[in-house]
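To keep things clear, I will list the structure first and then write my remarks on it.
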Amino acid sequence: MFKYDRKLITTGLVAILISSVSAFGYEGKKDALDGGMTYPRVNGDYTAYKINENIDKVKINNGRTPTANELKAWDRDIMPDGTGLPDGEGSVEDGDELYESLCAVCHGDFGAGGVGYPTLTGGDISSLTNQRTVPGKDAPKRTIGTYWPQASTLIWYTRDAMPYAHPKSLTNNELYAITAYLLAANGIKVDGQEMDDEFVLSKENFLKIEMPNKDGFYPDIDGKDGIENVRKFFADGKNYGAVGKRCMSNCKDPGMEDVEATVMGIDYELTDVKPPYNNTRNLPKVKKTNSHPGKEGYDKNCAVCHATDTMGAPRLGDSEAWAKITKQGLQKTMIHTIEGIGGMPPKGGNKDLTEWQIQLILDYMISNSK
Amino acid sequence: MTKISKTSTPETEQSSRRDFFRKTAAYSISAIAATTVLSPAKLLADDENIIHHTPWGTTLGDELNKNPYGLPSPYEHNVVRRTASLLSSAGDMHAAISLSPLAEMDGIITPNGLFFTRTHNGVAHIDPNKHRLMIHGMIDKPIVLTMDDIKKYPRESVIHFLECPSNGAAEWKAPQFNSLQFVKGMMSCTEWTGVRLKTILADLGVKPEAKWMLAEGGDGSEMSRTVPVEKVMDDAMIVYAMNGEALRAEQGYPIRLLLPGWEANLCVKWLKRLEFGDEPWYCKEETSKYTTLMPSGKAIQHFYPLEVNSIITSPCPEKPWTELKKGDIVEIEGLAWSGKGTVKLVDISFDGGKNWVEANLKGLVLPKAWTRFSYIYKYDGKPLLLQSRAMDDADDVQPTVNQEKAIIGVEGVYHRNAICTWEVKENGEVNNVQVRS
């Protein structure tokens, strides 16, 4: 499997070969950017693999040139220097309203979390030094205000990935408004000023946003030395905990020579795993018949009103009534379902329904009312 | 042999068939094993599974192509990925992680249905006919490729593990899960097939000032990461197959980026765009997440390689030694891996890390791939603190829990590769513990 290092053999160091494992290997070099190995592709070999070296000698002309419109459609990333920022603008106040209706279901009021989804605001940058091994210390708070180095990340990610169930549905103005709101809710300053309700965010003032933890990350990857800084970082294992030593007997951690090691068991075992642990080998129980994934949720939460017309609710199967509803668009129908409308309580009265569950239910209702 | 015949009862001697079985067994098994396996008490009871015909031996089996796509035996239905609400960034299971059942897996190849999965906006189902890969930015010749175009390049196959850098993240402060699946299951290892990025780029003229490459996914979260061009030119690939078939949707069908040895999160799934540039992009998953917060309050960013690591897979909490008797010979088996290179050796300790012996490596030993190790052990019924410690060819050695904690603290979340400990109790039960000084 492993090959002997030819150089060592020819210089007559065979004895070392036998006693030292470090002479075995795939003739790699420890010169990778990450402090690890690279391996040569020579003589038809790449480590243990046989390779066709002619692959490395040809230029293959596949595919075609993208059109200008195609590039415009896809090259939309937003970078720290403002590249890619869209046109448009939005105020903190508008963002507040949009946030309440589009985001608060999952991220909590004012971004404070608490619903199981990521917390977007709050905490103090000084909490980043917290270690929970110190009694009385809470976990560090890693929010937009205390942790994120760049505001471009926020607007880019929000545009592409949020709201979670309908990513890429925000207009540019909505996007600036929500971004402005989240920055304001995090107490972030623009050009030295606090952002009040009237503050309007746009391309023009975006680069003046002052992210509090901008310098909280290393190695420094920016500028022409970025890559070299990464290389230097990985060259020293002490930077990132790569400090293990091979000791074979009477081993103790450095500095702990006089301390007797202790065994720490599980205090509080996490057992809530899905599906539950089970390593028996038997035949599975017969599965239930396949039904629409939204049916169960509909039966439990909505049928009480929607099975008939009596409460003024559009009846399941009433194609005319449902055609009107679907015409207004899924986004709006979702909002009506989540927030309630007329005699319809928010989420049909079950506030524990996730947006995803509601979407499945709506799909079931709509597809059975055609 | 003679000893066994003497202790046999007349009843067993009546059956020539059983007598034959006993003799062959006794001849083929070594002296120690024979006394335990063929103890007189065992000889007395007939195994019903041998005495009687079986249902499957007396009926016609299924038509051979009943399942045009083959499935595991129904008896294996508990061998599945598992998840836990703690490992979800959501109230639901669209941005979460599922872990591989390592205790039930053999060799170094993970079956496709058991490959661990992490998604940020659910599992996207991409129509390969409509999928495009765009490569542009600081290159002379930007291109758009269809799946057919991508498959026209010469292909290569390599075996590499992928590991989520949060593998073991629940264990920084203290052990919390009592299973191999949840201690180390955020990783899998596969034979990947695709094209080396260097092969594609040869014709595109990457400009010398292009130091970084943005990789962007086509799922709902548009999952993206910044990758150094140096890695791209070393061993990066665009892969479309795993273990001989198309990528599973959970693994990024129809294509994903493969950066051998680096954070699985960097190996962007559902890959749709690669852009070359001279400055990094600062994506959500390289700022808000996948950065390692240190006790200083500053965080490591762009923490690429999964460092040298290992875990004993047998015994483990799911595969305890409760059925072993003193004197039984067992194999201690495990997995070692390193994102920085090739596993060079693995040591085993029985006393919680004071004293060590070298184990054997077993099977294929490949760079940035799972490597099996093995140690033959005579069980003596005493409690043990079992550990494994791997070393790679970059000469990195796994740190102890204390050594790692002294530098990273306990809030870093990512890149935990400290030595793991299984406590083997006197009754053979196995528990997840940590040795700390």
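The values are calculated or read from the model by the stated rules, or taken from the named source; none is laboratory data. As the structure is a computational prediction, the values presented were derived from the model and not from experiment. Note that each Cβ is placed from the backbone with ideal geometry, even for glycine, and that neighbours are counted across all protein chains shown.
Can you tell me how many residues in region B:47-88 are in contact with a strand residue (DSSP E or B) (Cβ under 7 Å, 6 or more places away or on another chain), assigned to a loop (DSSP other than H, G, I, E, B) and at pLDDT 95 or above? Talk me through it step by step, then tell me what you get.
Going residue by residue through region B:47-88, those that are in contact with a strand residue (DSSP E or B) (Cβ under 7 Å, 6 or more places away or on another chain) are B:81-84, B:87-88.
Now restrict to residues that are assigned to a loop (DSSP other than H, G, I, E, B): B:81, B:88.
Subset that is at pLDDT 95 or above: B:81.
Residues meeting the conditions: 1.
Go through A:SER101, A:SER91, A:SER127 for me and flag whichever is modelled with pLDDT under 95 and not hydrophobic (A, V, I, L, M, F, W, C). From the options A:SER101, A:SER91, A:SER127, the qualifying one is A:SER101. Quick check on my filter: what residues within region B:341-363 are more than 7 Å from chain A (Cβ to nearest Cβ), more than 18 Å from B:GLU423 (Cα to Cα) and in contact with a Ser or Thr (Cβ under 9 Å, 6 or more places away or on another chain)? Answer for region B:341-363, where residues must be more than 7 Å from chain A (Cβ to nearest Cβ), more than 18 Å from B:GLU423 (Cα to Cα) and in contact with a Ser or Thr (Cβ under 9 Å, 6 or more places away or on another chain): B:VAL343, B:VAL346, B:ALA359, B:ASN360, B:LEU361, B:LYS362, B:GLY363.
Examine region B:106-129 for a residue that is within 9 Å of chain A (Cβ to nearest Cβ) and farther than 24 Å from A:LEU360 by Cα, and state whether such a residue exists.
Of the residues in region B:106-129, the ones within 9 Å of chain A (Cβ to nearest Cβ) are B:120-122.
Next, from what is left, pick out any that are farther than 24 Å from A:LEU360 by Cα: none.
No, every residue in region B:106-129 fails to be within 9 Å of chain A (Cβ to nearest Cβ) and farther than 24 Å from A:LEU360 by Cα.
For beta carbons closer than 7 Å, sequence separation of 6+ or different chains, a first residue in region B:328-357 that is assigned by TED's automatic domain parsing to the domain that holds B:PHE161 and a second that is surrounded by 19 or more Cβ atoms within 10 Å (Cβ to Cβ), there are no qualifying pairs.
If I ask for residues that are touching a residue at least 12 places away in the same chain (Cβ under 8 Å) and within 13 Å of chain B (Cβ to nearest Cβ), which ones from region A:262-296 would you list?
Of all residues in region A:262-296, those touching a residue at least 12 places away in the same chain (Cβ under 8 Å) come to A:292-295.
Residue satisfying the conditions is A:PRO293 alone.
Checking each residue of region B:307-325 against the condition of being crowded, with 24+ Cβ neighbours inside 10 Å, within 21 Å of B:PRO260 (Cα to Cα), polar (S, T, N, Q) and within 7 Å of another protein chain (Cβ to nearest Cβ) gives no match.
Please go through region A:191-222 and give me each residue that is among the charged types (D, E, K, R) and facing chain B (nearest Cβ under 10 Å), ordered by number. Reasoning before the result, please.
Step one: filter region A:191-222 for residues among the charged types (D, E, K, R), giving A:191, A:194, A:196-198, A:203-204, A:208, A:210, A:214-215, A:220, A:222.
Selection gives A:ASP215, A:ASP220, A:ASP222.
The residues of region A:104-122 that are crowded, with 21+ Cβ neighbours inside 10 Å and either more than 9 Å from chain B (Cβ to nearest Cβ) or among the basic types (Lys, Arg) (or both), listed by number, are A:VAL105, A:HIS107, A:GLY111, A:LEU120, A:THR121.
Does A:ASP225 qualify as being more than 8 Å from chain B (Cβ to nearest Cβ) and among the charged types (D, E, K, R)?
Working: more than 8 Å from chain B (Cβ to nearest Cβ): yes; among the charged types (D, E, K, R): yes.
Answer is yes for this residue.
Total residues in region B:218-242 satisfying the condition of being without any contact (Cβ under 8 Å) to a residue 24 or more places away in the chain and within 21 Å of B:ARG132 (Cβ to Cβ): the figure is 1.
Tallying residues that are part of a helix (DSSP H, G or I) and under 19 Å from B:PRO142 (Cα atoms) within region A:64-93 yields 7. For region A:56-80, residues that are of a type in the set (Val, Ile, Thr), surrounded by 15 or more Cβ atoms within 10 Å (Cβ to Cβ) and more than 7 Å from chain B (Cβ to nearest Cβ) total 1. Under the condition of being in contact with a Lys or Arg (Cβ under 9 Å, 6 or more places away or on another chain) and buried (at least 24 other Cβ atoms within 10 Å of the Cβ), the residues counted in region B:375-390 number 2. As for region A:203-210, it holds no residue that is in contact (Cβ under 8 Å) with a residue 12 or more places away in the chain, within 25 Å of B:THR291 (Cα to Cα) and in contact with a Pro (Cβ under 6 Å, 6 or more places away or on another chain). Number of residues in region A:125-148 that are within 11 Å of chain B (Cβ to nearest Cβ) and part of a loop (DSSP other than H, G, I, E, B): the value is 16. Quick one: A:THR83 ticks every box in (1) modelled with pLDDT of 95 or more; (2) within 8 Å of chain B (Cβ to nearest Cβ) except a single one, so which number is it? A:THR83 satisfies every listed condition except (2).
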